[in-house]
1. For the modelled label position 7 Å from the Cα of Asp708 along Cα-to-Cβ, which residues of region 556-586 have backbone nitrogen atoms closer than 20 Å?
2. Just want the answer: with Cβ charges of +1 for Lys and Arg and -1 for Asp and Glu, which residue in Leu450, Gln384, Thr429 is farthest toward the dipole's positive end in region 360-460?
3. Taking Cα atoms, how many degrees apart are the long axis of helix 321-331 and the longest axis of the chain, rounded to 10 and kept between 0 and 90?
4. Between Asp52 and Arg81, with labels modelled 7 Å along Cα→Cβ, what's the label distance in nm to one decimal, could you check?
5. Would you mind checking the tilt of helix 500-518 against the longest principal axis of the Cα atoms of the chain, expressed as 0 to 90 degrees and rounded to 10?
6. Spin-label point model (7 Å from Cα, Cβ direction): what's the Asp652 to His316 distance in nm?
7. Give the carbon-plus-sulfur fraction of the accessible surface of the chain in %, rounded to a whole number; probe 1.4 Å, heavy atoms of protein chains only.
8. With each label point set 7 Å from Cα along the Cα-Cβ vector, what nm distance links Ala211 and Ala387?
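The values are calculated or read from the model by the stated rules, or taken from the named source; none is laboratory data. This one's a predicted model, so the numbers in the text were calculated from it and none came from an experiment. Here the Cβ is made from the backbone with ideal geometry for all residues, glycine too, and neighbour counts use every protein chain on show. All accessible areas refer to the heavy atoms of the entire protein, side chains included, with ligands and DNA or RNA removed. Shrake-Rupley method; radii C 1.70, N 1.55, O 1.52, S 1.80 Å.
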Amino acid sequence: MIDEWLSELLPAEDGVALMAVGGYGRRELCPGSDLDLVLLHQGRRDVAALADGLWYPLWDAGLQVDHSVRTVREAVTEADRDLKVAMGLLDARVVHGDTDLGATLMEKVRADWRSHAARRLPALDEVTIRRHEDAGEVAFLLEPDLKEAAGGLRDLTTLGALAASTDLIQLDDALAVGREILLEMRVTLQRITGRRSNVLGLEQQDDVAAALGDRDADALMTRVAQAGRIVMWHSDDGWRRVRSGLAGPRRRSSPGRDVELGYGIVLRDGEVLLADEDLATREPTLLRVAAAAAHAGAPIARATQQALVDLAPTMHDRWEHESRDAFVALLGAGRHGTVVLETLDRFDLLTRIIPEWRPVRSRPQRNAFHQFTVDRHLMEAAAQASALTRRVERPDLLLVGALLHDLGKGYPPEDHTDAGVRLMGTIATRMGFEPEDVAVLIRLVRDHLLLPRVATSRDLTDPGTLRTVADAVGTVATLELLYALTEADSRATGPSAWTPWRVELVADLVDGVRAVLADRDATPPIPPAITVPPGPPPAAPVVEVHHGTIRVIGPDRPGLFAASVGVLSLHGQDVRAARAASSADVAVAEFDVEALFGNRVVEADVERDLTDAVEGRLDLDGRLAERARVYSRFRLPTAARPADPLVLVHADESPVAAIVEVRGPDGIGVLYRIARALVADGLDIRLAKIATLGHEVVDTFYVVDARDGNRPAPGSLSSIEADVLDALARA
């Protein structure tokens, strides 16, 4: 209609063309849109009179008009100076007049845009990043900006500009669907409100839903979220490809240049992919690829995404520990883990891992307290929890609890906490957690609102209040988990949920409850023993391999455990847990391992290297250092900078051993260096529990005095922290 009206206002003459640019050029007029127009001419002296005949009727009609009068050369020059002008002209079309003149302008503008892409796209990238930071994300905000937020209509315009500048961008039909959904909602919003606003607020959602025929506002916002996810994923993927292309010439990688990430996963050209796509049929592969991508801060290659979509099984049965470890590592990667979780959900892969996830996908929360949809809130909570893992004994339980604590919100009309408790019992058991851990996870879900509710509504000086909370949580370890979950949940909810006032009240409550629990008797943890075989010690270490467990038996001498760890690392074995014992002159150690690079353990080779290491004929330190150097040549920087190493020594938590906790950056030989430092301090390792949270190791060692096998005296532990930190610093 506007096209027809403007055509009536402008005489049809050669050498004059009326161009629609920007949103009008794309035929995306909304009730509150400006009319973006360029009157193009070939140097006519009377062009001002022609322009007045156009602009005044538009102004008289009350329309907002962004207008200019230019020759082709002037338009191209202005586009070269002004990014906004150039973007608008990329969508130009002739409304009326000289079509050849208009075509000349469009051809020149597009050619100029493409030839100067290396100069212009970084500026566009900066503008896009700043816009996303200011406006948030369409898919996850409860009151999204349909135009400016990430995944909104502005990103579709930007994607078009990227596609006009490079062949790296691939646009598909899904984007057209997302565009139609967002555009019809923006039109309807502005029609109902009579304003130019693009923010779909809570108070308008019912009316917009009714106008568009949606069942209710929740159904409307689910469609908004789905459209926003489609656009945002394409936008993120497009910008990644453009940034990679602008960084320099794309080099063809040979297999020798791949960075091995373990388990058949490699990093190639900045993407994580499977060296053999048939590996996608194996249960742990999906989670291992996801954890590797999060850890490297790199996207999953499209071919690997498709292989996982085609082949990855749904994890209905009880998980093996390899899957659980990879899942925890994914969650421990923080913000980069959120990006990967979003990718998995975009391709409906997250429901292969947690089938119960589907009901919370894109589910809105219609209250001003929350700022995100349920699924994004849970991902945000897990990301927040990843920064708090050092405050708890069991970071794996914290991360899983954070991701799943509000899962019950997808199962109305059942109370969300009751539903969440039921779901957590099923999911945690399926994930392979031990019954006592399942009980803790259920408690985290059941009581995830306990601390803020009590802190803001009860007298915190009342001993009865403190006893009631202490009875509910049971142990100090569970209290610390609940405290960290409360903070992560609150930060993921919104600014009003974790104010300084709430922070102080919750901290006071936790301090009081911690004191109550500390006064109660608790059974200290006792590390499990392993059996030492009878008979004299072998002359040299003997290695036995049994389905993922490697057993080393040898003469009882200092350093056997550390040497075993180092040799296993040289042979490509990732140690997940370890146990050790000695009797008379015989020492035995058992290691639960995974073949990181598919290496099969050859007992004779491990025995030879272990004997050489114990006898001093193998420079284990040098070999591990060289392996780390070779690997570092090909390894990209990790996605997140891990915190500085932390060493905690608990002298009396166990009646039979001291406990040493070490948290720090992961890397080749880390476990070996820690074990060697402990041995140098006159300690024997009786139990080691090994975990990896993305880029960080979480290792716990039960140690005894090497001379008599008893728990070390507290005074003898004074140098452990400094010695372990020094060993890690010299890596």
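1. Once the point is set 7 Å along Cα→Cβ of Asp708, 557-558, 581-586 turn out to lie under 20 Å by backbone N, inside region 556-586.
2. Of Leu450, Gln384, Thr429, it is Gln384.
3. Its long axis makes an angle of about 50 degrees.
4. My value for the distance between the label points is 2.6 nm.
5. Once rounded, the angle reads 20 degrees.
6. 5.4 nm
7. On the way: 16170 of 32170 Å².
Ligands and nucleic acids excluded, carbon and sulfur reach 50 percent.
8. In this crude label model, Ala211 to Ala387 measures out at 3.9 nm.
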